[in-house]
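Okay, so here's the structure we're looking at.
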Amino acid sequence: MIVASDLNGTLTTGSPILAIANWAENNQPWLSPRLFKYRVLFSYLQVKAGLKELDIWADRTMRKVLDLIQSPDEELVNSIMSYVVESELWPKRRERPVSLLKEFHNQGAEIILVSAAFEPAVLEFAKKIGEERITAIGTKIFLTEKRISLEETLTTREKKLEKVKNIIGSNTIEIALGDTFADIPLLEQARRPIAVFPDRRLRKTAEIRNWQILE
């Protein structure tokens, strides 16, 4: 059995972006990460109000927060991504969907976490679900000599489904979990789609199609 789940909003209410800004505030305060956090919060309120497109906002903000990390190397990046999960994502996990995934995993299911979040953070979170039969897919990051960059397109909407299919091939997704309209392409492919604390657009779709709603 294959179970695919989104991460942000579905399994946790924590923010990888704010977690990295918090790390920078504690370790590199001369870069004014606190001002960056205020800007992020203000711009996110604009997203919630429908004044900005979520995907565009996420793409720009994720790239900008990585610029707060100075002189990055692989060891530092791994340390920061562990901090993101331990200080933010896991403490703010949603107990019901996380417990549901653990239950599926204990029953022998293959779990796939797929998210627009930074892939190393998705991997760290996945380890909390289980060590075997679990795959983490996120937006890949790349180290250059002076900075960290993201892959060209975030792992969202149809990109999520594309990456999952690259792994499972012709196999069927039995269960899928998601929380926003961006997860609809993935949920549509599952025999049992579950909308977790859905946004307005996903809730409407779930109600029309009689999908399970978990909240």
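The values are calculated or read from the model by the stated rules, or taken from the named source; none is laboratory data. Model, not experiment: these values are computed from the prediction. Here the Cβ is made from the backbone with ideal geometry for all residues, glycine too, and neighbour counts use every protein chain on show. The area values use the complete protein model at the heavy-atom level, side chains included, leaving out ligands, DNA and RNA. Shrake-Rupley method; radii C 1.70, N 1.55, O 1.52, S 1.80 Å.
Within the stretch 105-215, what percent of beta bridges assigned by DSSP are antiparallel, to the nearest 5?
Antiparallel bridges: around 20 percent, rounded to the nearest 5.
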**Complete:** Among 78, 22, 166, the residue with the largest mean-square fluctuation in a Gaussian network model of the chain built from Cα contacts under 10 Å is 166
**Item:** Gaussian network model of the chain, springs between alpha carbon atoms under 10 Å - residue of 25, 75, 103 with greatest fluctuation
**Value:** 75
**Asked** P(r) of the stretch 30-138 in 10 Å steps, Cα pairs, percent per bin?
**Response** 12, 36, 34, 16, 2
**Message:** Past 29 Å, Cα to Cα: identify those pairs from 48/140; 52/102; 64/163; 37/165, in the order given.
**Reply:** 52/102; 37/165
**Item:** Against the rule of thumb 2.2 N^0.38 Å, how large the Cα Rg of the stretch 92-179 comes out
**Value:** 1.15
**Message:** Quick check: the angle from helix 158-168's long axis to the longest principal axis of the chain, C-alpha only, nearest 10 degrees?
**Reply:** 70 degrees
**Message:** Taking 8 Å as the Cα distance limit and 6 or more residues as the minimum spacing, I'd like the relative contact order of the stretch 143-192 as a percentage.
**Reply:** 38 percent
**Prompt:** If you line up the long axis of helix 33-48 against the longest principal axis of the chain, both from Cα atoms, how many degrees apart are they, to the nearest 10?
**Reply:** 40 degrees
**Item:** Spin-label model distance (nm) - residue 74 vs residue 188, 7 Å beyond Cα toward Cβ
**Value:** 3.9 nm
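By how many nm would the segment from residue 32 to residue 106 lengthen if fully extended, with 0.36 nm per residue of separation less the alpha-carbon distance?
22.2 nm
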**Additional length obtainable on full extension of the chain from residue 52 to residue 201, 0.36 nm per residue less Cα span** = 52.1 nm
**Request:** Express the relative contact order of the chain as a whole percentage, based on alpha carbon pairs under 8 Å and six or more residues apart in sequence.
**Result:** 24 percent
**Complete:** Percent of all Cα-Cα pairs per 10 Å bin for the chain, counting from 0 up to the last occupied bin, reads 8, 35, 37, 17, 3, 0
**Request:** Give me the distance in nm between label points sitting 7 Å out from Cα along the Cα-to-Cβ direction at residue 143 and residue 96, one decimal.
**Result:** 4.1 nm
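Provide the per residue accessible area, probe 1.4 Å, for the stretch 75-143, rounded to a whole number of square angstrom.
Per residue, the stretch 75-143 has an accessible area of 44 Å².
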**Request:** Rounded to the nearest 10 degrees, what's the angle between the helix 119-129 long axis and the longest principal axis of the chain, both from Cα atoms, 0 to 90?
**Result:** 50 degrees
**Request:** Kindly state, to the nearest 0.05, the FRET efficiency for residue 45 paired with residue 132, given R0 = 35 Å and r defined as their beta-carbon distance.
**Result:** 0.30
